[in-house]
1. From the Cα gyration tensor of region 121-183, with a ≥ b ≥ c the square roots of its eigenvalues, which class applies: rounded if a/c is under 1.5, or else prolate if a/b is larger than b/c, or else oblate?
2. What list do you get for 189, 47, 136 if you sort them by fewest beta carbons within 10 Å?
3. What's the extension gain from residue 136 to residue 54 if we count 0.36 nm per residue and subtract their Cα-Cα distance?
4. What order do you get for 93, 377 when you list them from fewest to most C-beta neighbours inside 10 Å?
5. Fewest first, what order do 288, 51 take by the number of other Cβ atoms within 10 Å?
6. Roughly what would the spin-label model give for residue 192 and residue 303, points 7 Å off Cα along C-beta, in nm?
7. Need the C-alpha centroid separation for region 52-84 versus region 92-150, integer Å.
8. Once both labels are modelled 7 Å past Cα along the beta-carbon direction, what's the residue 370-residue 180 spacing in nm?
């Protein structure tokens, strides 16, 4: 027989068990939170990010003094590994630069996540050999373009398992199953890197000015080659109005083609400094020589082959001594073509090269005779 005292004891045991169970649940929840916090902290342990105005740069100095030599610079959002944290200065390593930075311009450790949410853009790094960029967030959607492994794409927004990205001026979606979305912190640049980039910009500017000047000179030459009278006929040095009119028509067509070539040359030069990648197809994230010329031509509606040897059969042959902006120039050894470049005028070409200088491979401008040209092809006109 169960007495009142026994029932009371059983009830108290039940309550105690319930309290213990609830306590364990809360303890588990607390442990999970701690694990999450620890993961966030460990992610940015010994890290620091430059917290400055976007219009300025942060000096990295050889020693912890404002009088010490500047060895590199960081931009807002650039990340570094903290080698030694002091009370006023910290020794850091970012990219290939090691030196000292003032603590007041850095965000450390677990503060980085909150800073990044407000100030750092995200990128999607491709983690498969070739990834389709689709028009909409669906595997049934139209393919916009293809990107290569390790390409970093600017993320516009995220939607479930998809990321909306921007690739060479086009927008589309990539599956996050094959692209890892992370913050694009960036890293410091050494003074040598900064100087090399400045020299490349100046070379690009000179090349653009030379191409523009040549285009203007050719236009003037074309205009002065004949005189149009009030009745619409064209007179020149030859006899017979029919023959002379035909000459004027050809001359105008040549001028139009030349102008297009100059526009192509100017467009191509904006990518100077971007990386070289064998088999790559991205003008911003990595591309090889024939991919570069193919993509540039495609922008203006010209379809050419994918490899340099195949492109040497596209268009029509022209003499390497009679080049104009927009022509393709081919190089190789023993008659075998292994490289292609785009002529931009002024005796220069722009091309995606896998060799130095700049500073070691990439899209750059070179003298047309930096190697002996084998042949040239004219795609335009």
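1. Note, shape of region 121-183 comes out rounded.
2. Result, fewest neighbours first: 136, 47, 189.
3. Values: separation 82, 0.36 × 82 = 29.52 nm, distance 3.28 nm.
Full extension of this stretch gives 26.2 nm more.
4. Values: 93 15, 377 18.
Taking fewest neighbouring Cβ atoms as first place, the list is 93, 377.
5. Final ranking by Cβ density, sparse to dense: 51, 288.
6. Inter-label distance under the simple model: 4.6 nm.
7. A separation of 21 Å, based on Cα centres.
8. The modelled label-to-label distance comes out at 3.3 nm.
Values quoted throughout were computed directly from the atomic coordinates according to the rules given, and no laboratory measurement underlies them. Since the structure is predicted, the reported quantities are computational estimates derived from the model, not experimental observations. Cβ atoms come from the backbone with ideal geometry, glycine included; neighbour counts cover every protein chain shown.
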